[in-house]
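Before I ask anything, here is the structure I am working with.
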Amino acid sequence: MSAPLVVTRREDALLYVGINRPEKRNALHRGVLDALVAAVTTAEADPAVRAIVVYGEGPVFSAGVDFGALAGDMGGEPHVPFRTMIAGLQAAVSRFETIEKPVIGALHRYVPGLGLELALAFDCRVATADCELGLPEVRLGLVPDVGGTTRLVRTVGYAKAKELILTGRMIPAEEARAIGLVNAVVPPGEHVAAAARLAQEIAANAPLAVGLAKRLVDLGSNVDTHTFLQLEQLTQSLLRATEDAKEGVQAALQRRPPRFHGR
């Protein structure tokens, strides 16, 4: 029996999801992305899971797209437009944004192409000091097409995104941190633990508030200021009536840690 494409484990309020193709340097194809989506979808329905850490088994987070699968897609099944296949990949990666639980990426050593496009859909990213990140698609005669162009612009800004996409350059972790592409840089081997600490810090907060704050930031980044302010009002009006909001106020008044239940 072949090894699973994705492995998971629960530790307290965190779910760890690992890309499990170390013999292929965790190269990604539709099956791997579908397995990742299945794991986070299961976590979404589990109230005991407050945050998710995604990492790669083996020497690298992910070498990017599985070129064997890509060559097959480009050379076969002419009745299926290539853009339809791309749309399926885009939908899978976008699922990480729609789940109302924080997803933290633990990145190490190498994160090019589709690997970075996947990581860009996470809420936060921690990288090892020896990590390299980039979108080298133009060196293959292609463009980043699974959200890389869109999300990189929104993450690091128009000018820097254009520079990185047009050059296809891989950049070191410290440069990635300086431009906001990753949130923290840690010594090699400490990425999963560091991502878990960040996930635990987030998981200690009210889960409904965290989920809606995530959606609020994602939705608001694409609208005008007036609409964004209206979204804030609507979101707060929903949260104000929750048990967690009442608990948070009482805990503050009583100077004790809050006990949130996601209600």
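The values are calculated or read from the model by the stated rules, or taken from the named source; none is laboratory data. None of the values given here were measured: they were computed from a predicted structure. Positions of Cβ are backbone-derived with ideal geometry, glycine not excepted, and every protein chain shown enters the neighbour counts.
For every residue, the table says whether it meets (1) part of a helix (DSSP H, G or I); (2) over 20 Å from GLU100 (Cβ atoms); (3) of a type outside the set (A, V, I, L, M, F, W, C).
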position	(1), (2), (3)
LEU164	yes, yes, no
GLY189	no, yes, yes
ALA193	yes, yes, no
VAL210	yes, no, no
VAL223	no, no, no
PHE228	yes, no, no
GLN236	yes, no, yes
ALA245	yes, no, no
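Quick check on this structure: which one of GLU190, GLU247 is assigned by TED's automatic domain parsing to the domain that holds PHE122, in contact (Cβ under 8 Å) with a residue 12 or more places away in the chain, charged (D, E, K, R) and out of contact with any strand residue (DSSP E or B) (no Cβ under 6 Å at 6 or more places or on another chain)?
GLU190
Only one residue in LEU208, LEU166 is crowded, with 16+ Cβ neighbours inside 10 Å, touching a residue at least 24 places away in the same chain (Cβ under 8 Å) and not acidic (Asp, Glu), so which one is that?
Going through LEU208, LEU166 in turn, just one is crowded, with 16+ Cβ neighbours inside 10 Å, touching a residue at least 24 places away in the same chain (Cβ under 8 Å) and not acidic (Asp, Glu): LEU208.
Which condition number does VAL49 fail, the rest of (1) closer than 19 Å to GLU117 by Cβ; (2) out of contact with any Pro (no Cβ under 9 Å at 6 or more places or on another chain); (3) surrounded by 15 or more Cβ atoms within 10 Å (Cβ to Cβ) being met?
(1)
So which helices (runs of 4 or more DSSP H) are wholly in segment 76-159 and hold at least 2 residues that are at negative phi and in contact (Cβ under 8 Å) with a residue 40 or more places away in the chain?
Ranges flagged: 82-98, 114-120.
ASN205: farther than 20 Å from VAL126 by Cβ and outside any helix (DSSP H, G or I), yes or no?
Spelling it out, it is not the case that ASN205 is farther than 20 Å from VAL126 by Cβ and outside any helix (DSSP H, G or I).
Could we say that VAL182 is under 27 Å from THR149 (Cα atoms), assigned by TED's automatic domain parsing to the domain that holds THR149, touching a helix residue (DSSP H, G or I) at 6+ places or on another chain (Cβ under 6 Å) and among the aliphatic types (A, V, I, L, M) here?
It is true that VAL182 is under 27 Å from THR149 (Cα atoms), assigned by TED's automatic domain parsing to the domain that holds THR149, touching a helix residue (DSSP H, G or I) at 6+ places or on another chain (Cβ under 6 Å) and among the aliphatic types (A, V, I, L, M).
Restricting to segment 95-125, name every residue that is more than 11 Å from the chain's Cα centre (by Cα) and of a type in the set (Val, Ile, Thr).
Answer for segment 95-125, where residues must be more than 11 Å from the chain's Cα centre (by Cα) and of a type in the set (Val, Ile, Thr): just VAL111.
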